[in-house]
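What follows is a single structure, written as structure tokens, with notes after it.
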Amino acid sequence: MVVLSQPALQPFSVIKTCKPIGLFSEIPVIDLTDPHAKTLIIKACEEFGFFKLVNHGVPMELMTKLEALANSFFNLPQPEKDKAGPPDPYGYGNKKIGPNGDVGWVEYLLLHTNPQILSQKTSIFQENPQIFRSAVEDYMLEVKRMTFEVLELMADGLEIESRNVFSRLLRDDKSDSCFRLNHYPPCPELQALSGGNLIGFGEHTDPQIISVLRSNNTTGLQICLKEGTWVSVPPDQTSFFINVGDILQVMTNGRFTSVKHRVLADPLKSRISMIFFGGPPLSEKIAPLPSLMAEREGSLYKEFTWFEYKSSAYTSRLADHRLGLFEKTAGQ
């Protein structure tokens, strides 16, 4: 039985609700071993900004081990979990999402992917912090390998001469990538009272280049289609879900669209998700790749550094159009 940590996740009055939506059967599924994977990835990124990845090569035992450790952490008494917070930005947090008033039915653990920084935030794992650190590092090693392959297939599919044009930004020792464990507790009483599902994480796009998500077999993830319709993603604990991020949208000059998504809490079951956010170095200058712009096609975006964009994005509200400040206007 999952401990709900209710003192930390209330008051309910600030948590929004949403009516559930039927599962969407048309999510693109990409087999990483398929010879046509690069073409299918491009199509999925253009049409949805999102796809499911199968035959990815990440051992299932690494996923289940880390999920079990995450469950153990989130089942701790609230005062024990609070010792790993507040997030600054790394560490344990709950309910509050960002500094501008966004809240959700969620608690989380945010970690840097640099092992030295990771180690400073895992002393809460009292039985054996090294077991948790090792599980995260083993998982991240495989997920990064898979992510690099996906990004290089993207470059191939876009016919970019340097196939590492995206992956090099994540391979860089100064890559500003992070790893997040989210826990969405069930709360049937409040959901029955409201007549809808509690919004665990409100609608937003991810600021980074790419997001790689794996969750347990609980529903909740929804994406917004281009015409504005929200659809629910069928869960699959053996696969990964790939999101195009804002930076990838800019680098492709809008050819790929950063997918808007949200998470609803399940009425009866706990949801655990593990997300790798692949970000470039803070000083990296971001602009559309010239090779992806047709002749006489102008850049849709001003040049900026990842630090500038990250600073702007993380001080905005979740649902804000974060790229709006960096779009070029007529005459620029």
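The values are calculated or read from the model by the stated rules, or taken from the named source; none is laboratory data. None of the values given here were measured: they were computed from a predicted structure. A quick note on method: Cβ atoms are made from the backbone with ideal geometry, for glycine too, and the neighbour counts reach across all protein chains shown. Accessible surface areas use protein heavy atoms only, side chains included; no ligands, DNA or RNA. Shrake-Rupley method; radii C 1.70, N 1.55, O 1.52, S 1.80 Å.
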The alpha-carbon center of the stretch 178-254 and that of the stretch 276-332 are separated, in whole Å, by 22 Å
Taking 273-286, 168-181, 309-322, 209-222 and ranking on average Cβ neighbours within 10 Å, highest first, one gets 209-222, 273-286, 168-181, 309-322
Of all C-alpha pairs within the stretch 170-216, those more than 18 angstrom apart amount in percent to 51 percent
Out of Glu149, Glu137, Glu295, a Gaussian network model of the chain with alpha-carbon springs under 10 Å gives the largest mean-square fluctuation to Glu295
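Leaving ligands and nucleic acids out of the surface, order Cys187, Cys18 by accessible area at 1.4 Å, largest first.
Values: Cys187 0, Cys18 25 Å².
Reading off the accessible areas and sorting them downward yields Cys18, Cys187.
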Counting sequence-distant residues (5 or more places) and residues on other chains, those with an amide H built under 5 Å from that of Phe304 are Ile286
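Once the convex hull of the alpha carbons of the chain is built, what does its volume come to per residue, in cubic angstrom?
Output value, Cα hull per residue: 131 Å³.
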Phi angles of the stretch 228-239, converted by Karplus (6.51 cos²θ - 1.76 cosθ + 1.60, θ = phi - 60°) into ³J(HN,Hα) in whole Hz with x for Gly and Pro, give x, 7, 8, 10, 8, 8, x, x, 7, 6, 9, 10
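What percent do you get for the relative contact order of the chain when only Cα pairs under 8 Å and 6+ apart count?
Working: 664 pairs, mean separation 73.2, N = 332.
Answer for the chain is 22 percent.
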Residue-normalised value, i.e. accessible area per residue, for the stretch 247-332 at 1.4 Å probe, in Å², stands at 47 Å²
For the stretch 182-315, averaging the sequence separation of alpha carbon pairs under 8 Å that lie six or more residues apart and dividing by its residue count, the contact order in percent is 32 percent
Computed over the chain: longest principal axis from alpha-carbon atoms vs helix 129-157 long axis, angle to nearest 10 degrees, is 30 degrees
Expressed as a percent, the accessible surface of the chain that is carbon or sulfur, using a 1.4 Å probe and the full set of protein chains, is 53 percent
